[in-house]
Amino acid sequence: MKHYANEMTPGDVFHPGEIVKDEMEARGIKQADIVTVSGFNKSFISLFLKGERSININLAIALETILSIKAEFWIRLQKQYEMNKELIELKQKRLAS
């Protein structure tokens with residue numbers, strides 16, 4: 001049976017919040033800096049960094065301002081995360097049946 005790259009299921013997925021945390025650490029940026037620039041409350045940013053909230057357009061723009069990484073990158077990263085997470089869940093369901 002042939003397998004194509006677009007049929008492959010990722011082995012692991014990383015929430016965009018994990019990537020942002022790595023960037024923050026590398027640049028010495030504090031969570032309070034993201035709160036100030038983004039206008040989101042501390043609770044939302046904390047949950048985002050823990051992988052419990054998604055990037056939306058406003059947060060992506062704020063991250064572009066803070067990290068100088070294009071907002072489009074963050075939106076694509078969020079969508080890729082969601083797709084890969086779903087692919088893993090579908091594969092697990094197929095294996096269970």
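None of the figures in this text is laboratory data; all of them are computed from the coordinates on show. Bear in mind the structure is a predicted one, so any value in this text is a computation, not a measurement. Please note: Cβ atoms are built from the backbone with ideal geometry, for glycine as well, and neighbour counts cover all protein chains shown.
Residues of the range 51-72 that are without any contact (Cβ under 8 Å) to a residue 24 or more places away in the chain and under 13 Å from ILE29 (Cβ atoms): SER68 alone.
Residues in the range 32-85 that are more than 26 Å from ASP12 (Cα to Cα) and assigned to a helix (DSSP H, G or I): how many? Outline the logic, then answer.
Within the range 32-85, the subset more than 26 Å from ASP12 (Cα to Cα) is 32-43, 58, 61-62, 65-66, 68.
Imposing the further condition that a residue be assigned to a helix (DSSP H, G or I) reduces the set to 32-38, 42-43, 58, 61-62, 65-66.
The qualifying residues number 14.
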